[in-house]
Amino acid sequence: MSVTIKSQHEIELMREAGRVLAIVHNEMAKIIRPGVSTMDINRKGEEVIKRYGCTPSFLDYEGYPASICVSVNHEVIHGIPEKRRILQDGDIVSLDAGVCYKGYHSDSARTHGVGEISKEDQKLIDITKQSFFEGVKFAKAGNHLFEISKAIQDFVEDNGFSVVRDFVGHGIGREVHEEPQIPNFKPMGRGMKLRPGMVLAIEPMVNAGKCEVWLLEDDWTVVTRDSSRSAHYENTVLITEGEPELLSYREDLI
Ligand code: CO
């Protein structure tokens with residue numbers, strides 16, 4: 001399927017999916033502390049999604065067995081929640097969640113410190129978040145897609161970290177993953193021209209060490225090859241005639 005341009009009605013449904021998703025992340029963030037299991041976080045996220053009359057986009061998606069992806073330390077993405085995986089002081093944890101409202105999805109990710117974390121880990125989390133905002137400055141009608149990619153890559157690498165190449169951002173709407181793919185590094189060419197009504201999930205995945213990753217035996221969890229720590233930040237972004245609208249983000253929430 002090619003890139004979809006959303007109608008006003010579709011945009012309203014995606015706004016609601018994004019609004020709920022921002023609340024879901026905020027509620028999950030509140031329970032993060034040493035001693036909590038990654039399954040506790042999944043349970044909380046799922047509970048809040050259902051409380052708002054929505055469904056978790058990721059549950060059963062291509063066989064994924066949970067509602068929230070919970071990835072700890074050197075896990076990059078798609079960590080599977082487990083009752084016995086207990087968060088420890090000094091860990092960092094990436095939460096990736098998707099909400100479906102009346103058939104339309106929103107997708108966003110946040111990385112949090114658990115208890116007291118090192119200065120270097122805090123920098124990794126902050127640079128990853130900021131790299132999203134550097135990229136989103138270019139998410140405007142008339143610009144080209146890879147201007148976003150380049151801004152993210154340049155900012156991350158100027159700060160001494162690396163961007164993951166093997167996984168990318170994506171269009172989103174009726175499907176969680178739509179065209180186009182949105183790399184966090186600059187490929188050849190300029191990429192497609194952005195148009196009002198496109199909705200993009202922009203999601204830098206940033207490693208403290210090298211960019212290479214591999215897949216664990218569970219066939220889901222992606223980890224850094226060099227075991228360095230990794231952070232993830234993502235929002236669902238609507239392209240408009242003017243400034244982009246961040247559908248899954250609220251300044252007063254996490
Ligand atoms: Co995504």
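The values are calculated or read from the model by the stated rules, or taken from the named source; none is laboratory data. Values in this document were obtained by computation on a predicted structure and should not be read as measured data. Using ideal geometry, Cβ is built from the backbone for each residue, glycine included, and neighbour counts are taken over all protein chains shown. We work out accessible area using only protein heavy atoms, side chains counted, and drop any ligands, DNA or RNA first. Shrake-Rupley method; radii C 1.70, N 1.55, O 1.52, S 1.80 Å.
Go through H105, H170, H144, H112 for me and flag whichever is in contact with a His (Cβ under 6 Å, 6 or more places away or on another chain), in contact (Cβ under 8 Å) with a residue 24 or more places away in the chain and of a type outside the set (A, V, I, L, M, F, W, C).
Only one candidate passes the filter, namely H170.
Conditions tested, residue by residue: (1) among the polar types (S, T, N, Q); (2) in a loop (DSSP other than H, G, I, E, B).
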{"site": "I5", "(1), (2)": "no, yes"}
{"site": "R15", "(1), (2)": "no, no"}
{"site": "V20", "(1), (2)": "no, no"}
{"site": "M28", "(1), (2)": "no, no"}
{"site": "I32", "(1), (2)": "no, yes"}
{"site": "E47", "(1), (2)": "no, no"}
{"site": "S71", "(1), (2)": "yes, no"}
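Would you confirm whether or not segment 62-69 contains a residue that is surrounded by fewer than 21 Cβ atoms within 10 Å (Cβ to Cβ) and over 20 Å from E217 (Cα atoms)? Before you say what the answer is, go through the steps one by one.
Start the filter on segment 62-69 by keeping residues that are surrounded by fewer than 21 Cβ atoms within 10 Å (Cβ to Cβ), which leaves 62-65.
Still in the running and over 20 Å from E217 (Cα atoms): none.
Scanning segment 62-69, I find no residue that is surrounded by fewer than 21 Cβ atoms within 10 Å (Cβ to Cβ) and over 20 Å from E217 (Cα atoms), so the answer is no.
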### Message
I'd like to know if segment 32-42 contains one or more residues that are open to solvent by 20 Å² or more (accessible area, probe 1.4 Å), under 25 Å from G171 (Cβ atoms) and of a type outside the set (G, A, S).
### Response
no
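A quick yes/no check of all residues on (1) at negative phi; (2) out of contact with any strand residue (DSSP E or B) (no Cβ under 7 Å at 6 or more places or on another chain); (3) open to solvent by less than 10 Å² (accessible area, probe 1.4 Å):
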{"residue": "K186", "(1), (2), (3)": "yes, yes, no"}
{"residue": "R195", "(1), (2), (3)": "yes, yes, no"}
{"residue": "P204", "(1), (2), (3)": "yes, no, yes"}
{"residue": "D219", "(1), (2), (3)": "no, yes, no"}
## Note on the structure
Those strands (runs of 3 or more DSSP E) completely within segment 112-225 that have 2 or more residues that are within 16 Å of the ligand (Cβ to nearest atom) are 169-171, 178-182, 199-202, 205-207
#### Entry: Selection count, segment 234-254, where residues are in a loop (DSSP other than H, G, I, E, B) and open to solvent by less than 10 Å² (accessible area, probe 1.4 Å)
2
## Note on the structure
The residue from E243, E212, E217 that alone is within 16 Å of I148 (Cβ to Cβ), more than 16 Å from the chain's Cα centre (by Cα) and either modelled with pLDDT under 95 or of a type in the set (D, E, K, R) (or both) is E243
### Query
Could you list, in sequence order, the residues of segment 16-31 that are open to solvent by 10 Å² or more (accessible area, probe 1.4 Å) and closer than 22 Å to R174 by Cα?
E16, R19, I23
